[in-house]
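Working notes, beginning with the structure itself.
What follows draws every value from the coordinates through simple rules; no lab data is involved. Predicted model only: the values in this text are computed from it and were never measured. Neighbour counts run over all protein chains shown; Cβ positions are idealised from the backbone, glycine included.
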Amino acid sequence: MSRLDLTNLTSDDLLQVIPKNETKEWEFKCARIFDKGNFGQFKNQKLGKIVSSFANSGGGYLLLGKRDDVDALDPVPTQHGGTTMEDHLSLVIAQSVTPEYRDFEIHRVPIAGRAGESVLVVAFEDSQIAPHQSVADTNYYYRLPGHAVAAPHYYLDALRSRNNKA
């Protein structure tokens with residue numbers, strides 16, 4: 001998968017490069033996941049599945065602040081308690097799977113024409129220590145176009161065997 005340069009990217013640029021619908025490489029989550037009550041549920045029940053699927057499938061992107069089938073971006077919070085949302089998500093993402101996953105970067109992309117508002121793009125790399133298991137439900141996942149699915153046994157064997165080859 002070719003990597004996007006997310007440095008200095010604008011929201012207009014982002015809307016030009018993302019697919020219209022979710023793919024194997026892209027997953028969208030609307031800004032409502034950050035609403036009170038939703039964010040805890042997202043982190044505890046869904047994030048591990050997403051992280052596991054990207055880490056086990058060659059990487060990809062999670063765009064936070066994008067609704068499905070809408071060519072517009074909604075702002076996400078910049079803070080969580082006393083820390084930046086990026087710092088908070090970094091810790092939560094790393095610990096959402098086992099073994100911990102650290103091959104990702106979080107980029108804040110300003111929304112054009114909306115001062116102080118932005119979205120987040122999490123860029124996941126392929127993990128060299130895959131497979132990663134979701135802590136929330138103890139399942140392993142991989143990506144299919146538009147969603148994460150439980151990984152079958154043969155897929156896990158293939159991931160494990162690639163680490164044993166010279």
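Just a few scattered comments:
- 222 nm mean residue ellipticity, helices alone, for the chain (DSSP H n ≥ 4; -39,500 (n - 2.57); rounded to 500): -6500 deg cm²/dmol
- Dimensionless Rg/Rh of the range 14-166 - Kirkwood Rh, Rg from C-alpha atoms: 0.98
- Value of Rg/Rh across the range 2-65 [Cα atoms, Kirkwood radius]: 0.99
- Cα-based Rg / Dmax (Å) for the range 64-105: 13.0, 36
- Simple point charges give the picture: +1 on the Cβ of Lys and Arg, -1 on the Cβ of Asp and Glu, and for the range 103-166 a dipole about the Cα centre of about 100 debye.
- Length gained when the stretch Ile33-Thr98 is fully extended (0.36 nm per residue, less Cα-Cα span): 21.1 nm
- Inter-part distance where the range 82-130 and the range 135-160 are each reduced to a Cα centre, Å: 21
- Segment Leu91-Ala72, length gained on full extension (0.36 nm per residue, minus Cα span): 4.0 nm
- ³J(HN,Hα), Karplus 6.51/-1.76/1.60, whole Hz, each residue of the range 99-114, x for Gly, Pro: x, 3, 10, 10, 8, 8, 9, 10, 10, 9, 10, x, 8, 4, x, 10
- Counting only alpha carbon atoms, the long axis of helix 153-162 and the longest principal axis of the chain meet at about 90°.
- Degrees separating the helix 85-95 axis from the principal Cα axis of the chain, which is the longest one: 10
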